[in-house]
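Shown next, in structure tokens, is the structure this report addresses.
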Amino acid sequence: MTKITDEDKTMKIEKDKVVELCYELEVEGEIVDRTTKERPLDYIHGTRSLLDKFEENVAGLEPGDRFSFTLSPADAYGEVDPSRIIDLPKLAFEVNGEIQERLLVPGTAIPMLDRRGGVVEGIVVEVNGDMVRMDFNSRMAGKTLNFTGEILTVRDATEKELNEGLHGEYVHSCCCGGHGEGHGEGHGCHGHGEGHEGGCCGGHGESHGEGHGCHGHGEGHGCHGHGEGHEGGCCGGHGEGHGEGHGCCGRHGE
């Protein structure tokens, strides 16, 4: 842990400062996310790891300052986009030759691969026969976000943190083979695939079309090999988190 000096206690939030803060997020009258002083949110200011308007609203604050602001959908995750609600074949959720039926429950969040090999969170809307309707809008799309909180610490980022990320996230970015906790857009892992965008990372996702897959044959980006995958195949387990970044105020891979 980096030692906090007396000088750090009087620093203002500006570019390349490491900030620790706690917050509550209220949406439609309910608290949907919070961090605490014991488990705060930390980030490097100015690196666009959080929503732009979130950073704008805390810029210039010092440790001990409190904040309260509201972000409209336009300043947060935008409106719900009907084009991001799509039907996928069940074969997109195949791992080791077996369709993961346990994942295909309405409301379940599943990390999926997009056309660029990035990871996006999809929510199961409904299952109809051999097709699964998935919603790739952020959970916070169309929502007005009400933030309250307090700035805890502000310090200079080290050269290592600026180069590698506060927690090494610029270095360690592979998404395959585990539980996806809060995913945004990033890079796929190890391989190429042709299919309907996706394929199941963490198993033998052999499917059909054009896009990203795992352990198959063809052209595109996927996980661990060449694959033909279906659009949005699952990336190694359950997706747990809030869209893109740190909590509900983040923008990149929640």
For the pairs LYS37/LYS143; LYS37/LYS160; LYS53/LYS160; LYS53/LYS143; LYS12/LYS37; LYS17/LYS160, note any where the Cα-Cα span goes beyond 22 Å. LYS37/LYS143; LYS37/LYS160; LYS53/LYS160
Residue by residue, what Karplus-based ³J(HN,Hα) values in Hz, rounded to whole numbers, does region 60-75 have, using 6.51, -1.76 and 1.60 with θ = phi - 60° and x for Gly and Pro? x, 6, 10, x, x, 6, 9, 9, 7, 7, 10, 10, 6, x, 5, 8
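Take MET140, MET131, MET112 and order them by how many other Cβ atoms sit within 10 Å, fewest up front.
Details: MET140 24, MET131 14, MET112 30.
Fewest-to-most ranking of MET140, MET131, MET112: MET131, MET140, MET112.
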Taking amide H atoms as placed 1.01 Å from N in the peptide plane, list the residues 5 or more away in sequence, or in a different chain, whose amide H sits under 5 Å from that of LEU104. none
Provide the descending list of Cα extents for region 48-147 along its principal axes, expressed in whole angstroms. 54, 26, 24
In whole Hz and in residue order, list the ³J(HN,Hα) couplings for region 135-143 that follow from phi through the Karplus curve 6.51 cos²θ - 1.76 cosθ + 1.60, θ = phi - 60°; x for Gly and Pro. 10, 9, 5, 4, 4, 9, 4, x, 9
With θ set to phi - 60° and the Karplus curve 6.51 cos²θ - 1.76 cosθ + 1.60, what are the ³J(HN,Hα) couplings of region 106-116 in order, to the nearest whole Hz, using x for Gly and Pro? x, x, 6, 9, 10, x, 10, 9, 8, 4, 9
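Rule-based calculations on the coordinates, nothing more; no lab input. Note that the structure is a prediction, hence the values are computed from the model and not measured. Note that we place each Cβ from the backbone using ideal geometry, even for glycine, and neighbour counts take in every protein chain shown.
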